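Just below is one structure, and these are the notes that go with it.
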Amino acid sequence: MRLRRDAKIERIANVPLFSRCSKRELAQIGRLADEMELPAGTVAVREGAYGQEFFVLESGTVEVSKQGKVVATLGPGDFFGEIALLHNAPRTATVTAKTPVEALVVSHRDFSSLLATSPQIQSKILQALAERLAPASI
Ligand code: CMP
């Protein structure tokens, strides 16, 4: 049991979003986040739907598309699903697994605790949010 928890915390520590976290913070994230496997082709998040989860990719690749057009490909260490949770709005894009994916998943309720865990996590998530919401022409 303990070995499995240690392995999970090690995987969390390898995610850049959590790279500045202390052991205590990593243990807290380990309690908040579930690990999930998504087969290739799974739609994790659908544009226009209301969603309740934030995802951090541990392995595999996903494609982000808006109105049928691919706008980004995300890989290990990347995250998605933050916009609807911060904004309380429908999902801004569809995210589809292009390969089998392993991800950490945090529920809406635990997302605020995750943000409160460290200012570095907050700032990385807010930076991505700003980039993703900015018009492409800027
Ligand atoms: P959310 O709107 O909750 O669900 C879809 C997610 O796709 C969104 O959060 C972001 O995490 C992600 N996303 C949206 N637009 C982009 C983009 N231009 N580049 C990368 N990821 C994006």
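Here, each number is a calculation from the coordinates, and none is a lab measurement. Being a predicted model, the structure only gives us computed values, none of them experimental. Virtual Cβ from ideal backbone geometry, glycine too; neighbours counted across all protein chains shown.
Please list, in order along the stretch 109-124, the HN-Hα scalar couplings obtained from phi with the Karplus expression 6.51 cos²θ - 1.76 cosθ + 1.60 (θ = phi - 60°), rounded to whole Hz, x for Gly and Pro.
Karplus values, whole Hz, x for Gly and Pro: 4, 7, 5, 5, 5, 4, 5, 6, 4, 7, x, 5, 5, 4, 5, 5.
Could you pull out the pairs from Lys23/Lys66; Lys8/Lys69; Lys23/Lys98; Lys23/Lys124 whose alpha carbons sit more than 28 Å apart here?
Exceeds cut-off: Lys23/Lys66; Lys8/Lys69; Lys23/Lys98.
Measuring from label point to label point, each 7 Å out along Cα→Cβ, what is the Lys69 to Arg109 span in nm?
Here the modelled spin labels are 3.9 nm apart.
Determine the dipole magnitude for the stretch 3-138: charges of +1 sit on the beta-carbon of Lys and Arg, -1 on that of Asp and Glu, nothing else is charged, the reference point is the Cα centre, and the result goes in debye to the nearest 20.
Result for the stretch 3-138 is approximately 180 debye, rounded to the nearest 20.
Hey, for a label at Gln52 modelled as a point 7 Å past Cα toward Cβ, could you say which residues of the stretch 94-133 have their backbone N under 14 Å away?
Hits in the stretch 94-133 for Gln52 at 14 Å: 106-111.
Once you place label points 7 Å from the Cα toward the Cβ at Ser22 and Thr99, how far apart are they in nm?
If labels sit at Ser22 and Thr99, their model points lie 3.6 nm apart.
Can you list the HN-Hα couplings for the stretch 12-18, worked out from phi with the Karplus curve (6.51, -1.76, 1.60; θ = phi - 60°), rounded to whole Hz and with x for Gly and Pro?
Karplus values, whole Hz, x for Gly and Pro: 5, 5, 7, 7, x, 4, 10.
Near Glu37, within a Cβ-to-Cβ distance under 12 Å, what is the net charge of the other residues, with Lys and Arg +1 and Asp and Glu -1?
-4
Mind checking which of Ser107, Ala13, Ala84 is farthest towards the positive end of the stretch 5-133's charge dipole, using Cβ charges of +1 (Lys, Arg) and -1 (Asp, Glu) about the Cα centre?
Ala84
From the residues Phe54, Ser123, Thr94, which one has its Cα farthest along the dipole of the chain in the positive direction, the dipole being from +1 and -1 charges on Cβ of Lys/Arg and Asp/Glu about the Cα centre?
Farthest along the dipole direction, towards plus: Ser123.
For the pair Ala128/Ser59, report the inter-label distance in nm, with labels modelled 7 Å from Cα in the Cβ direction.
Taking the simple label geometry, Ala128 and Ser59 are separated by 2.0 nm.
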